[in-house]
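Notes follow once the structure below has been shown.
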C-alpha cells in the first residue's frame, strides 16, 4: 500500500534558514520512504515556491499532464493568436530548463521530462490536432518526450471515491458492477503509460539515495544547492 507524507513550508522567517529547513525535511522524508518503496511520487503545487523548485531538481522523472487545451499548453509555450504557431516558451518551461542545467553540472545527467496528454476525447477534433502539432514542436525545442495519455473515461471518476484504481483487482463486490471491456481498456491505458515512463532501475535508485545521504550531511550549512536526484 502507498504511504503519504506531507511536507509543509518552513515557519522560519530567515530565508536561508527556511530553505535549509525545507530541503532537510523534503529530502529526509524521501529518504524514509526509499527503504520501503521502489518509487516516490512528489505531487507539486502549481505555485512557484522553493519546495516546488527543489522537487524539480531532485526528480529523476518529471511528468507534466496536459489537457487538449491551449489554456494548459500556455504553461510551457506561447502561441500566436491568429496563426497558432509557437512564438516562444513559457515561465514553467524556463524553470525546467534551469533545473536541468543545474543537474547536468552536478552529475552530468538529464532530467527525463515527459508530457502526458490527458483526458483525450474519443474523436479527433481540429483543436486536438492543433494542440498535438504545438506539443510536437515544443518537444523538439525543449527536449521532452510525449506519452500517450489517458482517455476521458467515467470509470476513473467512479473508482476515485472507492480508493482503488484500474490496476487493482476489480470485481463486483468492490465496484458494484461486473467489470466491463471499458475497465480493461482503462487498465491497458495505465499500463502503457507506466511502460512509457521508463522509470529508473533499482541500481540507479541506490545511487540517487547515496547522493541524498551525502547532501543531508551538509543540509545544516548555509544553503548553496547542489543538484541531486531522487527516485
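Given R₀ = 25 Å, FRET efficiency for residue 69-residue 98 by Cβ-Cβ distance, to 0.05? E between residue 69 and residue 98, to the nearest 0.05, is 0.45.
Stretched out fully, how many nm does the piece from residue 49 to residue 169 gain, at 0.36 nm a residue minus the Cα gap? Walk me through the intermediate numbers first.
Values: separation 120, 0.36 × 120 = 43.20 nm, distance 3.82 nm.
Extending this stretch completely gives an extra 39.4 nm.
Using a simple spin-label model with pseudo-atoms 7 Å out from Cα toward Cβ, residue 152 and residue 31 lie 4.6 nm apart. If a spin label sat at a point 7 angstrom from the Cα of residue 110 along the line to its beta carbon, the backbone N atoms of region 144-184 nearer than 12 Å would be those of 144-145. Classify region 1-53 as rounded, prolate or oblate, taking a ≥ b ≥ c as the square roots of the eigenvalues of its Cα gyration tensor: rounded when a/c is under 1.5, otherwise prolate if a/b is larger than b/c and oblate if not. Prolate, since a/c reaches 1.5 and a/b exceeds b/c. Summarising the label geometry, the points placed 7 Å from Cα in the beta-carbon direction at residue 89 and residue 118 lie 2.1 nm from one another.
First check a/c for region 153-198, with a ≥ b ≥ c the square roots of the eigenvalues of its C-alpha gyration tensor; if it is under 1.5, answer rounded, and if not, answer prolate when a/b is larger than b/c or oblate otherwise. Working shown, then result.
Working: a/c = 2.16, a/b = 1.82, b/c = 1.19.
Because a/c hits 1.5 or more and a/b exceeds b/c, region 153-198 counts as prolate.
The modelled label-to-label distance between residue 13 and residue 132, using points 7 Å beyond Cα along the C-beta direction, is 5.7 nm. With a/c under 1.5 counting as rounded, go ahead and sort region 61-151 into rounded, prolate or oblate using the C-alpha gyration tensor (a ≥ b ≥ c being the square roots of the eigenvalues; past the cut-off, prolate if a/b is larger than b/c, else oblate). It comes out oblate by the Cα gyration axes.
Read the figures in this text as sums done on the coordinates, not as results from a lab. Remember, predicted model here, so these are calculated numbers, not experimental data. Glycine also receives a Cβ, built like all others from the backbone with ideal geometry; neighbour counts cover every protein chain displayed.
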